[in-house]
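Below is one structure; the comments refer to it alone.
The values are calculated or read from the model by the stated rules, or taken from the named source; none is laboratory data. What you see is a predicted model; the values in this text were computed from it and never measured. Every residue, glycine among them, receives a Cβ derived from its backbone with ideal geometry; neighbour counts consider all protein chains shown.
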Amino acid sequence: MSIIDVKNLSFTYGIGTPFEKTAVDGLNLSINEGEVVGLIGHTGSGKSTFVQMLNGLIKPTSGQVFFEGKDIWEKPKEIRKIRFRVGMVFQYPEYQLFDETVYKDISFGPKNKGLNDDEIDKTVRRSASFVGLSDNLLDKSPFDLSGGEKRRAAIAGVIAMDPDVLILDEPTAGLDPKGRDLLLAQIMQYHKKRKNTIIIVSHSMEDISRIADRVMVMNKSRLEMFDTPRAIFSRVKELESMGLRVPQITKIMMTLKERGYNIPDGILTVEQAFSEIVSLFKKEGAI
């Protein structure tokens, strides 16, 4: 069952000026309840503009966004309610942090939802725990945190609103490999418990291939592909023509296939590659 539907969705910046540019052009798609959707595309392909239209931060130039079957702009004065149901974490967390302490920052959403003090406290601590923020950081200024801690605090602030859809724009950008893997694991643990819909914008094909149920590919303001990771990353030449790369292990296995080895398309992980290579060696009597 879909939770978000978009129909003929478009957005143009600077209409009527010399700088007019269409960022999103005629998108049609449905995102299902409880799924993890990866969104990839070259810089300037329209990814960030698209996700900001999903929770009403940007109003479409034309077309519609439906949440649970209702046009989110049907009642413009109630668009704020949508932003509690469709939460968004921006690429640069420092733009999203503003209060005196991390605790107050995370509690902003729950307070505005009308929760009492006891409910707010439980929500803040639960949300901080989900993203790996320790209690001793809650009384610190968010601006004294490291880059990775700021990212976690921003995500916790949105999680605290308990959104039905969580949008993460480049959540692991700037993190080292260990920090990236840890944060993604915590996000997926949260998803497993909450069972909500998650949309992740990322330039990391490895991350998207590991966690997404389906992948959107945007190119020059349009939706080029929307399918499973295996189906998407099997289309190597098409992706490369858009300036995108496939996961490194997928590229290695495709090279082996081009050299005559019987390798299936769409290998996404080291574990899958190992299994296929072992199977190949067994067939050839090498082991």
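Quick notes on this one:
- Taken together, F84, F90 contain a single residue that is in contact (Cβ under 8 Å) with a residue 40 or more places away in the chain and closer than 24 Å to L175 by Cβ, which is F90.
- D118 surrounded by 14 or more Cβ atoms within 10 Å (Cβ to Cβ), free of Cβ contacts under 8 Å to residues at least 60 places away in the same chain and in a helix (DSSP H, G or I): no
- Taking residues in region 67-78 that are outside the structural domain of E33 (by TED's automatic domain parsing), and partners anywhere that are basic (K, R) and surrounded by 12 or more Cβ atoms within 10 Å (Cβ to Cβ), not one pair has Cβ atoms closer than 9 Å while being at least 6 places apart or on different chains.
- Among the residues of region 173-190, those identified as in contact with a strand residue (DSSP E or B) (Cβ under 9 Å, 6 or more places away or on another chain) and buried (at least 18 other Cβ atoms within 10 Å of the Cβ) are L184, I187, Y190.
- Number of positions in region 7-30 that are crowded, with 19+ Cβ neighbours inside 10 Å and aliphatic (A, V, I, L, M): 4
- With a requirement of 3 or more residues that are under 30 Å from K237 (Cα atoms) and at pLDDT below 95, the helices (runs of 4 or more DSSP H) lying completely within region 145-217 that satisfy it span 177-194, 205-211.
- Count of region 199-211 residues, restricted to those that are small (G, A, S), closer than 20 Å to F90 by Cβ and in contact with a helix residue (DSSP H, G or I) (Cβ under 6 Å, 6 or more places away or on another chain), is 1.
- Scanning region 237-277 for residues that are more than 18 Å from E206 (Cα to Cα), charged (D, E, K, R) and outside any helix (DSSP H, G or I) yields a single hit, R259.
- Summed over region 218-236, residues that are assigned to a loop (DSSP other than H, G, I, E, B) and either out of contact with any Ser or Thr (no Cβ under 6 Å at 6 or more places or on another chain) or at pLDDT 95 or above (or both) total 5.
- All positions within region 37-55 that are part of a loop (DSSP other than H, G, I, E, B) and crowded, with 21+ Cβ neighbours inside 10 Å: S45, G46, N55
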